[in-house]
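Undergrad: First, the structure itself, so that you have it in front of you.
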Amino acid sequence: MPDRIHVSFADRDRAWAEWARWHLEKAGHATELDSVDRAPGTNVVEAMNRAVRRANPMLVLLSAAYLDPDRLTTDEWTARMAQRRKDPAAKLIALRVENVDLSDGLWAPIAVPDVFGLSPEQAVVQLLDAVRQVADPAPAGALRPAPPAYPGRPNAGEPGPRPPGSLPPVWNLTRRNPGFTGRDTMLNRLHDTLRGDSRVAVQALHGLGGVGKTQLALEYAHRFAGEYDIVWWIPAERPELIGDHLATLAQDEQLRLFPAGTPTPDSMRALRAHLRQAGRWLLIFDNAEDRDHLAPWLPDGPGHLLITSRNPNWAGVAQPVDVDVFTRAESIALLRTSLADIDEDTADRLAGHLGDLPLAVGQALELLAETRMPVYTYLSDLAAHTAELMREGGPPAGYPLSLAATVGLTADRLRAADPAAGQLLTLCAHLGPAPIPTDLFTAHPDPLPKPLQKIARKPVAFARTLAQLGRFGLARLTDRGPVLHRLVQAVVRDTDPRPDVNRGIAERLLAAARPDDGKLPQWWPRWAVLLPHILAVDPATSDNRQLRQTANDAVWHLMARGEAANALPLADHLHQAWTRRLGADDESTITIAATLAVVHRQLGDFERSSEIEQDNLTRTRRLLGTDHPHTLNAANNLGRALYRAGEFERARRLDEDTLSRRRRVLGEDHLETLRTTWNLARDLYELGDIARAREIDEGLLVRLRDMHGDDHPDTLRTALALTMDLTGAGEHERARSLGEDTFARRRRVFGDDHPDTLNAAAALARTQSGYGEYDQARRLNEDTLSRRRRVLGDNHPDTLRSVGDLLLNHLHRAGMRDVVSVEPATGGLAALAGIAERRDGPPVFVKAFADVPDEDVFAAEAEGLAVLREPGGMATPEVVLAGRELLVLSMLRPRPGSETFWEEFAHALARMHLSTVHPRFGWHRDNWLGRRRQENTWDDDGFAFFAEHRLLRWMTEPRVEAALGTRDRVALERLCHRLPELLPERPACLTHGDLWTQNLMATPDGRPALIDPAVSYMWAEVDLAHLWTTSPPPEAKRFFAVYAELTGLDDGWRDRMPIIQLRQHLAVLAQFDDDWGAADLIRATLAPFRTSD
């Protein structure tokens, strides 16, 4: 049975792949097209690996795109190259499909024939000859009765496609745009759809002409020209001229259906008859405006039709294909290809400001290339003068007008055709580049100008007016409302004769749409829709007090959703702007200051929160008096800030005073009064008066349930507080029941990752632990810690509290019930750690994993500490307890910042290395480096041991495989092979194995001490490399000089450090999401080994 030929190609070269497939299968060879023949949902990487592992021949179509090192194709062909080195029978067939340079690198010694620039017949001969030299011959009589399905080609005897780049006999298109880039996926999808005999309307969704629908159609015609015998371009903007353009086609000298001068009706009849019978034709109707005007001109037959249009409505005539803006990757690729000095981050930022709109990206390129101005200057001018900049210079190649001219002319036509639609466009331009809810206009039409105001009161009339924005290509219409591109908005705003008036209307519409104060979950979806538009009108500069209140409530919405980190920059910006514009004593400024303080409190910055709250309270007392609601709100907030800062007695005194005043001013049952009551109960709980706190919370919970229901945020907050009261009082059964109910309700109301839900989970875990349900508490603690890390970050106080809870649970489960609390320690990367306070003994250091990698991890570490501490060795902490899930050690202290300490450490480390020389490399057991097993199988050869167990073993780790490609793997293999040339031969000695600076501490009497070892007998320079490459402090400079003097270390040791440190970089890359630049350091070290000797 003949081999199935796997065709590997870049998306841009799909036409070449289809050409090769057709002629190979006609010659009897079975084929498989990379990416084309995969079922939807196929894992691309796995499919590629399967294709490479099979013994079938691989035909690679070499082009600049195919050889791009960032594409998956690079991994594919380099893997087959590596496979050929091990198995010469692995079959590789290479063809050049464009003039790409192969004079350097792996392809240099390989003769690669060309198939481009040849006649169609010569190209087919070259293809088949190349295949015959490698693949098994096709079986006799293998010519298939019917070749592969081909556009408009029912007859198997036809010659098939021409090579890409060869134009058909009948052709009237303009030259190809040499600057066209990207869109490969869309072009290939369009090709697949056309081969299904569909009519396709290419619809521009983001601005007139700005998304490149005409350029897309032109590129498609050029790219797949080899599949057609007729390709004809018909300008369709003026329907009355379409017949003349089609008549010109009928009279083309290659068709000669009728002589020149034949009346159009006769020419059209002949053309229609011809196209019904002929195949392999493509007609492109460009810039058609109306479906009904174009439909009578569309021919029938087995050919293909492309229609480009701003109008989205082509139902019953063609299948619409949405042409959106560039993907960000496409924008970056175009910018970096055209601007030699621009880096990826700058290109990404520029593309973002341009909204990835192809016309805008093209204009920016033209201007930057012409003026050579720095990108940051362009971005600054773009932010200040967007519309003006979009008028600068001529349009890029392929576009008749600049973006500003295109949008301006179309907007003028819209206003002339439908004044109300023009007014709607202008108002939308003052909002955000996100879906605009239509009820923003229809629910509160009073602020709208006439005639739009009248139309907004009639749903059908308003829908028709809105549709005009889509028909003219100025907005994309979605189920959630119209969307305008940010640059289209800028141009429309710039041409608005009454910008202040229309912005004021937009402000009033948004203020009227304010759903609540931002805190209730049922309104969160509405706030999410409004927020982009609130930000777009810039409430920081608004004179509308209602809009400023709406903006303040929007900050509360972000906090209520658990997005305090996103709320902070907005609240800070509003506070600074309103302080400058309105003064610190203005009501809006005071309100946003209070909100800003709450944001800081939620983020764990209790000191800053208290400062703001104290200033607010002093200010409101001076301006409004002690009993004004705003003053009482400031006092309530300050009480909460003092509580979170641990000043419980000050908080209690203030909360008692505030509660007394709120009861008198607002009443017993006012929600703000009840909130202060809750604050006071929390103060009492922390001061040890659990009985009184419980009494207050029980009464408060009853009232809140009666007034607001079981699922109100304040009700749930009080239920959680009562859970803690009951746990503290020893009523574990009732506490567990209430805690489980509160946790379930918060999950349903807020979601699993909301900070309030995680607070309920943590409280329930404490209750379970107090009830003796350690296993359930551990699982819940682990899940809560994982979520808090993801949502709040590693250093948030609530996250650190979860670390302490989990460590406390581990200690109690291990029998150390005298531990009363655990203060988390920071600095470790792999494990959780903390200092445990005990009732019956000195504090101890405890470490554990959120989920234990293996049962021997801490036993191995304990043994490593013991062997380092053996006579003549290093100081290490005493092991108090080494269990499966945790390790408890005696306390050390931070190392002192002195040169004397580092000199002493140099003596101790040199003494250990010199006194433990060993004939073999390894250790008697495996141990752990972070969360990964370190293999220590004995070996007599240090180079082989280092290569196999310290470098290559990491290459199968998923994160390493994702970050480093096949070429990196091959380079590492070369480096390992050359280790005896690169490193001097040294004996093995006992090494710590993970000696970065954080693992060096001091004993209580100040001697150097080591923690967290990954010991083995290895080269001493492994320890030296860790210290050298992990930024030792300035006082450590003497360490290296003293160590070298004591051990006789040669002067070239620094040059060897990058190679030895590869092991640590690989370990970091394998285990952590943030690799701290490890991947780049690895690539830099491997760079000299990427090419053959």
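The values are calculated or read from the model by the stated rules, or taken from the named source; none is laboratory data. All figures in this text were calculated on a predicted structure; none of them were measured in a lab. For neighbour counting, all protein chains shown are included, and Cβ atoms are generated from backbone atoms with ideal geometry for every residue, glycine included.
Undergrad: Scan the range 501-521 residue by residue and report those that are more than 20 Å from A571 (Cβ to Cβ) and either in contact with a helix residue (DSSP H, G or I) (Cβ under 9 Å, 6 or more places away or on another chain) or acidic (D, E) (or both).
TA: Of all residues in the range 501-521, those more than 20 Å from A571 (Cβ to Cβ) come to 501-506, 508-509, 512-513, 521.
Hits for the range 501-521 are N502, R503, I505, A506, R508, L509, A512, A513, P521.
Undergrad: Shifting gears a bit: Report, by residue number, each residue of the range 437-470 that is under 30 Å from G212 (Cβ atoms) and either in contact with a strand residue (DSSP E or B) (Cβ under 9 Å, 6 or more places away or on another chain) or small (G, A, S) (or both). Lay out the reasoning, then the answer.
TA: We begin by selecting, within the range 437-470, every residue under 30 Å from G212 (Cβ atoms); these are 437-438, 463-470.
Matches in the range 437-470: P437, T438, A463, L466, A467, L469, G470.
Undergrad: Sticking with this one: Can you tell me which of L509, L535 is crowded, with 17+ Cβ neighbours inside 10 Å and outside the structural domain of P449 (by the TED database)?
TA: Values: L509 fails: outside the structural domain of P449 (by the TED database).
Step by step, each of L509, L535 is checked, and only L535 is crowded, with 17+ Cβ neighbours inside 10 Å and outside the structural domain of P449 (by the TED database).
Undergrad: Now for a separate question. For the list (1) touching a Leu at 6+ places or on another chain (Cβ under 7 Å); (2) surrounded by fewer than 20 Cβ atoms within 10 Å (Cβ to Cβ), I need the number of the one condition that L305 fails.
TA: (2)
Undergrad: Examine the range 539-557 for a residue that is among the β-branched types (V, I, T), in contact with a Lys or Arg (Cβ under 8 Å, 6 or more places away or on another chain) and over 23 Å from R581 (Cβ atoms), and state whether such a residue exists.
TA: Step one: filter the range 539-557 for residues among the β-branched types (V, I, T), giving 541, 550, 555.
Now restrict to residues that are in contact with a Lys or Arg (Cβ under 8 Å, 6 or more places away or on another chain): 541, 550.
Filter once more, keeping what is over 23 Å from R581 (Cβ atoms): none.
No, because not a single residue in the range 539-557 is among the β-branched types (V, I, T), in contact with a Lys or Arg (Cβ under 8 Å, 6 or more places away or on another chain) and over 23 Å from R581 (Cβ atoms).
Undergrad: Applying the selection to the range 618-645, what residues are small (G, A, S), outside any helix (DSSP H, G or I) and at pLDDT 90 or above?
TA: From the range 618-645, those small (G, A, S) are 625, 634-635, 639, 641, 645; that's our starting set.
Filter again for outside any helix (DSSP H, G or I), leaving 625, 645.
Selection gives G625 alone.
Undergrad: Follow-up question, since we're still on this one. List the pairs whose first member sits in the range 1054-1077 and is assigned by the TED database to the domain that holds L975, whose second member is basic (K, R) and surrounded by fewer than 22 Cβ atoms within 10 Å (Cβ to Cβ), and whose Cβ atoms are under 7 Å apart, counting only residues at least 6 apart or on separate chains?
TA: If the second residue must be basic (K, R) and surrounded by fewer than 22 Cβ atoms within 10 Å (Cβ to Cβ), the pairs left are A1067/R932; L1069/R959; A1070/R932; A1070/R959; Q1071/R931; Q1071/R932.
Undergrad: Right, here's the next one. Considering only the range 361-374, state which residues are over 24 Å from the mean Cα position of the chain (by Cα) and either of a type outside the set (K, R) or in a helix (DSSP H, G or I) (or both). Write out each step before concluding.
TA: Quick first cut of the range 361-374, residues over 24 Å from the mean Cα position of the chain (by Cα) only: 362-374.
Listed by number, the residues that qualify are G362, Q363, A364, L365, E366, L367, L368, A369, E370, T371, M373, P374.
Undergrad: Which one of A351, A333, A329, A364 is buried (at least 16 other Cβ atoms within 10 Å of the Cβ) and in contact (Cβ under 8 Å) with a residue 60 or more places away in the chain?
TA: Working: A351 fails: in contact (Cβ under 8 Å) with a residue 60 or more places away in the chain; A329 fails: buried (at least 16 other Cβ atoms within 10 Å of the Cβ); A364 fails: in contact (Cβ under 8 Å) with a residue 60 or more places away in the chain.
Criteria check complete, one pass: A333.
Undergrad: Consider the range 584-628. How many of its residues are within 26 Å of E563 (Cβ to Cβ) and not polar (S, T, N, Q)?
TA: Total satisfying the criteria: 21.
Undergrad: Residues A217, A201: which one is of a type in the set (G, A, S) and either part of a loop (DSSP other than H, G, I, E, B) or at pLDDT below 65 (or both)?
TA: Working: A217 fails: either part of a loop (DSSP other than H, G, I, E, B) or at pLDDT below 65 (or both).
When all the criteria are applied, what remains is A201.
Undergrad: If you don't mind, another one. Only one residue in P877, P842, P871 is surrounded by fewer than 19 Cβ atoms within 10 Å (Cβ to Cβ), assigned to a loop (DSSP other than H, G, I, E, B) and at pLDDT 90 or above, so which one is that?
TA: On the way: P877 fails: surrounded by fewer than 19 Cβ atoms within 10 Å (Cβ to Cβ); P871 fails: at pLDDT 90 or above.
Only one candidate passes the filter, namely P842.
Undergrad: Of these, A584, A691, which one is surrounded by fewer than 17 Cβ atoms within 10 Å (Cβ to Cβ) and not in a helix (DSSP H, G or I)? It would help to see each step written out before you state the result.
TA: Values: A691 fails: not in a helix (DSSP H, G or I).
Going through A584, A691 in turn, the sole match is A584.
Undergrad: Which members of the range 259-285 meet the condition of being in contact with a Leu (Cβ under 9 Å, 6 or more places away or on another chain), at pLDDT below 85 and surrounded by fewer than 18 Cβ atoms within 10 Å (Cβ to Cβ)?
TA: T264
Undergrad: Quick check: anything in the range 992-1005 at pLDDT below 90, surrounded by fewer than 21 Cβ atoms within 10 Å (Cβ to Cβ), in contact with a strand residue (DSSP E or B) (Cβ under 8 Å, 6 or more places away or on another chain) and closer than 27 Å to G922 by Cβ? Talk me through it step by step, then tell me what you get.
TA: We begin by selecting, within the range 992-1005, every residue at pLDDT below 90; these are 996-998.
Now narrow it down to the ones that are surrounded by fewer than 21 Cβ atoms within 10 Å (Cβ to Cβ): 996-998.
Cutting the leftovers down to in contact with a strand residue (DSSP E or B) (Cβ under 8 Å, 6 or more places away or on another chain) gives us none.
No, the conditions are met nowhere in the range 992-1005.
Undergrad: So which residues in the range 513-527 are hydrophobic (A, V, I, L, M, F, W, C) and farther than 23 Å from P447 by Cβ, if there are any at all? It would help to see each step written out before you state the result.
TA: The first filter runs over the range 513-527 and keeps only residues hydrophobic (A, V, I, L, M, F, W, C), leaving 513, 520, 523-524, 527.
Residues satisfying the conditions are L520, W524.
Undergrad: Okay, next question. Within the range 68-91, does at least one residue satisfy the condition of being in contact with a Phe, Trp or Tyr (Cβ under 8 Å, 6 or more places away or on another chain), modelled with pLDDT of 70 or more and small (G, A, S)?
TA: There is no residue in the range 68-91 that is in contact with a Phe, Trp or Tyr (Cβ under 8 Å, 6 or more places away or on another chain), modelled with pLDDT of 70 or more and small (G, A, S).
Undergrad: Yes or no: the range 620-627 includes at least one residue that is acidic (D, E) and surrounded by 15 or more Cβ atoms within 10 Å (Cβ to Cβ).
TA: From the range 620-627, those acidic (D, E) are 627; that's our starting set.
Retained after the next criterion (residues that are surrounded by 15 or more Cβ atoms within 10 Å (Cβ to Cβ)): none.
So far as the range 620-627 goes, no, none of its residues is acidic (D, E) and surrounded by 15 or more Cβ atoms within 10 Å (Cβ to Cβ).
Undergrad: Yes or no: the range 1030-1040 includes at least one residue that is within 16 Å of L909 (Cα to Cα), crowded, with 19+ Cβ neighbours inside 10 Å and among the hydrophobic types (A, V, I, L, M, F, W, C). Full working, then the answer.
TA: So the first thing to find is which residues in the range 1030-1040 are within 16 Å of L909 (Cα to Cα), and the list is 1032, 1036-1040.
Then keep just the ones that are crowded, with 19+ Cβ neighbours inside 10 Å; that gives 1036, 1039.
The next check asks that each one be among the hydrophobic types (A, V, I, L, M, F, W, C); those that pass are 1036, 1039.
Checked against the condition, which is being within 16 Å of L909 (Cα to Cα), crowded, with 19+ Cβ neighbours inside 10 Å and among the hydrophobic types (A, V, I, L, M, F, W, C), the range 1030-1040 yields at least one hit.
Undergrad: Check A94 against each of (1) outside any strand (DSSP E or B); (2) at pLDDT 90 or above and name the one condition it does not meet.
TA: Status for A94: all satisfied but (1).
Undergrad: Quick one: is P1008 in contact with a Lys or Arg (Cβ under 9 Å, 6 or more places away or on another chain) and surrounded by fewer than 16 Cβ atoms within 10 Å (Cβ to Cβ)? Break it down stepwise before answering.
TA: On the way: in contact with a Lys or Arg (Cβ under 9 Å, 6 or more places away or on another chain): yes; surrounded by fewer than 16 Cβ atoms within 10 Å (Cβ to Cβ): no.
The answer is no for P1008.
Undergrad: Looking at (1) buried (at least 20 other Cβ atoms within 10 Å of the Cβ); (2) in a helix (DSSP H, G or I), which one does D345 not meet, given that it meets all the others?
TA: D345 satisfies every listed condition except (1).
Undergrad: Taking the range 318-342 as the region of interest, how many residues are in a loop (DSSP other than H, G, I, E, B), more than 22 Å from S380 (Cβ to Cβ), out of contact with any helix residue (DSSP H, G or I) (no Cβ under 6 Å at 6 or more places or on another chain) and not acidic (D, E)? Step through it out loud before you land on a result.
TA: Initial filter on the range 318-342 (in a loop (DSSP other than H, G, I, E, B)): 318, 324-327, 339-342.
With the extra rule that they be more than 22 Å from S380 (Cβ to Cβ), the set shrinks to 318, 324-327.
Okay, now just the ones that are also out of contact with any helix residue (DSSP H, G or I) (no Cβ under 6 Å at 6 or more places or on another chain), so 318, 324-325, 327.
Those left that are additionally not acidic (D, E): 318, 325, 327.
Total satisfying the criteria: 3.
Undergrad: How many residues does the range 613-663 contain that are free of Cβ contacts under 8 Å to residues at least 12 places away in the same chain and touching a His at 6+ places or on another chain (Cβ under 8 Å)?
TA: 1
Undergrad: If you check R745, R789, which single one turns out to be surrounded by fewer than 20 Cβ atoms within 10 Å (Cβ to Cβ), in a helix (DSSP H, G or I), within 29 Å of the chain's Cα centre (by Cα) and of a type outside the set (D, E)? Please lay out each step first, then the result.
TA: Details: R745 fails: within 29 Å of the chain's Cα centre (by Cα).
Checking each option against the conditions leaves just R789.
Undergrad: For the range 458-474, state whether one or more residues are in a strand (DSSP E or B) and either under 30 Å from V598 (Cβ atoms) or of a type in the set (A, V, I, L, M, F, W, C) (or both).
TA: Of the residues in the range 458-474, the ones in a strand (DSSP E or B) are none.
The answer is no; no qualifying residue exists.
Undergrad: Same structure, new question: Are there any pairs with C-beta distances below 6 angstrom linking a residue in the range 791-806 that is touching a residue at least 24 places away in the same chain (Cβ under 8 Å) to a residue that is hydroxyl-bearing (S, T, Y), with the two at least 6 apart or on different chains, and if so which?
TA: Sorted first by the residue in the range 791-806, then by its partner, the pairs are L792/T799; S802/T784.
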